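Right, one structure below, let's go through it.
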Amino acid sequence: MDYNPEEIKNHYNEIPHGKAKSDAIRQAIEMADQNNDLPFMIYFREEICAESCFYGNTMEMMVVFPEMLSIIDRHPDIPSTQFDAGYKNALDHILWIYKWVVEECASFYQIPMEDCIKFFEDFKKRSQSYGYNLRPYYKAFYYFYDWDKEKADKAFHNFERIPRDGNSDCHACERNTEIEFYLKNGNFRKAAKLSADIEDFRLTCGDHWSAWLRMKILFFDYYMDNCEFEKATEIALILERRISDKKEFQIWGNIINCYAHTKPGRALRVYKKYWRTLEDWRTPQDLFESMMNTCCFWHVIKLGGKETAKLDLDNSFPLYNEDKSYNIEDLYNYYYNNDEVIP
């Protein structure tokens, strides 16, 4: 069979997001490698990074990305392809994806802290060498240090003071970073004011809804953190109708935890529909949070005095029984124990 990268791309573009598409892109990488097609050796790896980061297992991006760095270091003048001509060359596109890598690396217990820092320092060096400034670097550092307020605040203010350049995220994504910062620091009024352009779709990212969904989830999380469950429920009801198939938006654990306080019947219906999704996440950190929220959901249901739940689940459910009546305590313990064993 003749090697034709355009036909290969058209083929995997027709496959829905998920494992089959990832497998097809991996095959594309193998064919580009066999034909020593340097631009597409990079481009197909960029495609698997995007697929795994937004729709699959993000660890795949963490494995493939160093391969791209190795190729570009040996061949620094690789051009971009006709499919990513918006970038000056292959390295320009790699620096865009590098932002995803540094933002995600802390989500994996498999990646030691010192290796995460090495990623950041390499991203910093390559960005400056290419002529870009450090605004994206500090934005990523802000998220990386979400457990250390002093370092996170310092990173945010460095991000804030540096002007935008060609490797900066879109205006909507940067606005959501600002909104998150002010919500975390208790300045709800400023966060709400900053959200207006996204609320009214004057600022968007990619498809029409992505930036709006991210903004709504930020306010939903704020209300949940402050135990304002009725306000969180108002947002959850809106989110239910708009959540897309991107992994980052599959916050069903958070939603059923919210509904357990306000709409327990609805919480059970959402759980029945999405119980598989609750255990299918991109990173160990995401999985931990999903299991924690689901555990909290069953805990609240248990506190409400309910001892059993009738759940029409198939035999792939780990606690499946034929009469489909489940003990709430058993369900709570299942998610609690699963959460404990996630490193």
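Within region 1-40, which residues are surrounded by fewer than 12 Cβ atoms within 10 Å (Cβ to Cβ), under 28 Å from the mean Cα position of the chain (by Cα) and not in a helix (DSSP H, G or I)?
If the condition is that a residue be surrounded by fewer than 12 Cβ atoms within 10 Å (Cβ to Cβ), under 28 Å from the mean Cα position of the chain (by Cα) and not in a helix (DSSP H, G or I), then 14, 16 are the ones that fit.
Which of the residues belonging to region 113-165 are part of a helix (DSSP H, G or I), among the aliphatic types (A, V, I, L, M) and either crowded, with 20+ Cβ neighbours inside 10 Å or in contact with a Phe, Trp or Tyr (Cβ under 8 Å, 6 or more places away or on another chain) (or both)? Outline the logic, then answer.
Narrowing region 113-165 to residues part of a helix (DSSP H, G or I): 113-130, 135-144, 149-161.
In the following step, the residues that additionally are among the aliphatic types (A, V, I, L, M) were identified as 113, 117, 140, 152, 155.
Once the filter is applied, which keeps residues that are part of a helix (DSSP H, G or I), among the aliphatic types (A, V, I, L, M) and either crowded, with 20+ Cβ neighbours inside 10 Å or in contact with a Phe, Trp or Tyr (Cβ under 8 Å, 6 or more places away or on another chain) (or both), region 113-165 yields 140, 152, 155.
Return only the number of the condition from (1) of a type outside the set (D, E, K, R); (2) open to solvent by 40 Å² or more (accessible area, probe 1.4 Å); (3) part of a loop (DSSP other than H, G, I, E, B) that residue 168 does not satisfy.
Checking residue 168 against (1) of a type outside the set (D, E, K, R); (2) open to solvent by 40 Å² or more (accessible area, probe 1.4 Å); (3) part of a loop (DSSP other than H, G, I, E, B), the one that fails is (2).
Based on what the data block shows, is residue 68 open to solvent by less than 20 Å² (accessible area, probe 1.4 Å) and either free of Cβ contacts under 8 Å to residues at least 12 places away in the same chain or closer than 28 Å to residue 19 by Cβ (or both)? Please lay out each step first, then the result.
On the way: open to solvent by less than 20 Å² (accessible area, probe 1.4 Å): yes; either free of Cβ contacts under 8 Å to residues at least 12 places away in the same chain or closer than 28 Å to residue 19 by Cβ (or both): yes.
Yes.
Between residues in region 6-21 that are in contact (Cβ under 8 Å) with a residue 40 or more places away in the chain and residues that are open to solvent by 90 Å² or more (accessible area, probe 1.4 Å) and among the charged types (D, E, K, R), which pairs lie under 8 Å by C-beta distance while being six or more apart or on different chains?
Once the first residue is in contact (Cβ under 8 Å) with a residue 40 or more places away in the chain and sits in region 6-21, its partners that are open to solvent by 90 Å² or more (accessible area, probe 1.4 Å) and among the charged types (D, E, K, R) give 17/245.
Can you spot a residue in region 296-308 that is aromatic (Phe, Trp, Tyr) and either open to solvent by 50 Å² or more (accessible area, probe 1.4 Å) or touching a Ser or Thr at 6+ places or on another chain (Cβ under 7 Å) (or both)? Steps first, please.
Looking only at region 296-308, we keep the residues that are aromatic (Phe, Trp, Tyr), and these are 297-298.
This time we only want the ones that are either open to solvent by 50 Å² or more (accessible area, probe 1.4 Å) or touching a Ser or Thr at 6+ places or on another chain (Cβ under 7 Å) (or both), so: none.
Scanning region 296-308 turns up no residue that is aromatic (Phe, Trp, Tyr) and either open to solvent by 50 Å² or more (accessible area, probe 1.4 Å) or touching a Ser or Thr at 6+ places or on another chain (Cβ under 7 Å) (or both).
Inspect all residues belonging to region 73-88 and state whether any of them is touching a helix residue (DSSP H, G or I) at 6+ places or on another chain (Cβ under 8 Å) and assigned to a helix (DSSP H, G or I).
Looking for residues that are touching a helix residue (DSSP H, G or I) at 6+ places or on another chain (Cβ under 8 Å) and assigned to a helix (DSSP H, G or I), one finds none in region 73-88, hence no.
List every residue pair whose Cβ atoms lie under 6 Å apart, where the two residues are 6 or more positions apart in sequence or sit on different chains, the first residue falls within region 209-229 and is on the phi < 0 side of the Ramachandran plot and at pLDDT 95 or above, and the second residue, located anywhere, is of a type in the set (D, E, K, R) and open to solvent by less than 50 Å² (accessible area, probe 1.4 Å).
218/180
Considering every residue within region 88-95, establish whether at least one is among the hydrophobic types (A, V, I, L, M, F, W, C), within 27 Å of residue 2 (Cβ to Cβ) and either buried (at least 21 other Cβ atoms within 10 Å of the Cβ) or in contact with a Ser or Thr (Cβ under 7 Å, 6 or more places away or on another chain) (or both). Reasoning before the result, please.
Pass one, region 88-95, residues among the hydrophobic types (A, V, I, L, M, F, W, C): 90-91, 94-95.
Restricting the remaining residues to those that are within 27 Å of residue 2 (Cβ to Cβ) gives 90.
This time we only want the ones that are either buried (at least 21 other Cβ atoms within 10 Å of the Cβ) or in contact with a Ser or Thr (Cβ under 7 Å, 6 or more places away or on another chain) (or both), so: 90.
Within region 88-95 (the criterion being among the hydrophobic types (A, V, I, L, M, F, W, C), within 27 Å of residue 2 (Cβ to Cβ) and either buried (at least 21 other Cβ atoms within 10 Å of the Cβ) or in contact with a Ser or Thr (Cβ under 7 Å, 6 or more places away or on another chain) (or both)), the answer is yes, since at least one residue qualifies.
Could you check residue 283 against (1) open to solvent by less than 30 Å² (accessible area, probe 1.4 Å); (2) hydroxyl-bearing (Ser, Thr, Tyr); (3) at pLDDT 90 or above and say which number it fails?
Here residue 283 meets the rest and fails (3).
For residues that are in a helix (DSSP H, G or I) and among the aromatic types (Phe, Trp, Tyr), scanning just region 320-339, find the one that is most open to solvent (accessible area, probe 1.4 Å). Can you show your working first?
Our first condition is that a residue be in a helix (DSSP H, G or I); within region 320-339, this holds for 328-339.
Okay, now just the ones that are also among the aromatic types (Phe, Trp, Tyr), so 332, 334-336.
Details: 332: 40, 334: 37, 335: 0, 336: 99 Å².
So the residue we want is 336.
The values are calculated or read from the model by the stated rules, or taken from the named source; none is laboratory data. Keep in mind it's a predicted model, so treat the numbers as computed, not measured. Note: ideal-geometry Cβ built from the backbone for every residue, glycine included; neighbour counts use all protein chains shown. The protein model used for the area step is the full one, side chains on, heavy atoms only, and it has no ligands, DNA or RNA in it. Shrake-Rupley method; radii C 1.70, N 1.55, O 1.52, S 1.80 Å.
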